[in-house]
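**Q** Below are the structure tokens for one structure; questions will follow.
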Amino acid sequence: MFKTFISIVLIIILCGCNKITPSGEFWKAFHENEIDQEKFDHGPYGGTTHIKWSKKDDSKFTKKEIVEFAEKNGWWFVDEAEVENVINSDDFSYSIINKELNMNQFKKTRVLRFHTNFLIINEDAQRDTQNNCFVILSENLDSLTVYYRWGDF
């Protein structure tokens, strides 16, 4: 019994400390010198990644580079929507950012939605989705926010 317990604990530790964990940490390599804030909160039942960037010069972020970067890392572009449509949506996927972020602060922005290999699950409502990563791109393309959540909702 004790050997089984130790084996389970070791597996949890190993999985929690390597790239198997679906942290979305690869986003830290995207324009790393322009990151303003980053927050990673990951545990055994789920986690969140929240990163904000701002351009330090007159250049702009582009949808193309964002999509290419995400897809290079195994996440697939699903669609994009205006923030007003996200706020007013009853789509379970959009409820993730509506619950966690004050979307009213993102007036006149676009939300790019990505499919990941990890689920977010709401057991009470019996709903799940793999469309659980969002890139919020400012109107003038000089700032963006990535919000990703997986696991229990």
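**Q** Determine the per residue accessible area of segment 31-153 with all protein chains present and a 1.4 angstrom probe, expressed in square angstrom. Intermediate results must be reported in sequence, preceding the final value.
**A** On the way: 6720 Å² over 123 residues.
Accessible area per residue, segment 31-153: 55 Å².
**Q** Which percentage, to the nearest 5, of the DSSP beta bridges contained in the chain is antiparallel? List each step's numbers first, then the result.
**A** Details: 36 of 38 bridges.
Around 95 percent antiparallel, to the nearest 5.
**Q** Would you mind telling me the share, in percent, of accessible area of the chain contributed by carbon and sulfur at probe 1.4 angstrom? Each step should come with its number before you reach the end.
**A** Values: 4750 of 9140 Å².
After summing per-atom areas, the C and S share lands at 52 percent.
**Q** Can you check how the C-alpha radius of gyration of the chain compares to 2.2 N^0.38 Å, as a plain ratio?
**A** For the chain, the normalised Cα radius of gyration is 1.13.
**Q** Still on this structure: Computed over the Cα atoms of segment 40-124, what is the ratio Rg over Rh, Rh following Kirkwood?
**A** Details: Rg = 14.2 Å, Rh = 14.8 Å.
Taking Rg over the Kirkwood Rh, I get 0.96.
**Q** Suppose a student asked you for the relative contact order of the chain, using Cα pairs under 8 Å spaced at least 6 residues apart; what percent would you report? Before the final figure, lay out each step's value.
**A** On the way: 255 pairs, mean separation 36.3, N = 153.
Answer for the chain is 24 percent.
**Q** Residues with beta-carbon under 12 Å from that of Glu100, excluding Glu100: net charge, scoring Lys, Arg +1 and Asp, Glu -1? Could the numbers behind the result be given before it?
**A** Numbers: positive: Lys39, Lys99, Arg149; negative: Asp41.
Spelling it out: positives minus negatives among the neighbours equals +2.
**Q** To the nearest 10 Å², what's Phe153's accessible area with a 1.4 Å probe?
**A** Its accessible surface works out to 50 Å², give or take rounding.
**Q** Go ahead and set up a Gaussian network model of the chain, Cα springs under 10 Å, then flag whichever of Ala29, Ala70, Ala81 fluctuates most.
**A** Of Ala29, Ala70, Ala81, the most mobile in the Gaussian network model is Ala29.
**Q** Would you mind checking the pairs Lys60/Lys99; Lys72/Lys99; Lys55/Lys99; Lys39/Lys63 and listing those with alpha carbons more than 25 angstrom apart?
**A** Values: Lys60/Lys99 29 Å; Lys72/Lys99 29 Å; Lys55/Lys99 27 Å; Lys39/Lys63 23 Å.
Those over the limit are Lys60/Lys99; Lys72/Lys99; Lys55/Lys99.
The values are calculated or read from the model by the stated rules, or taken from the named source; none is laboratory data. Keep in mind the model is a prediction, meaning the values are calculated, not measured. Note that each Cβ is placed from the backbone with ideal geometry, even for glycine, and that neighbours are counted across all protein chains shown. Ligands, DNA and RNA are stripped out before the accessible areas are found, and what is left, the full protein with its side chains, is counted by its heavy atoms. Shrake-Rupley method; radii C 1.70, N 1.55, O 1.52, S 1.80 Å.
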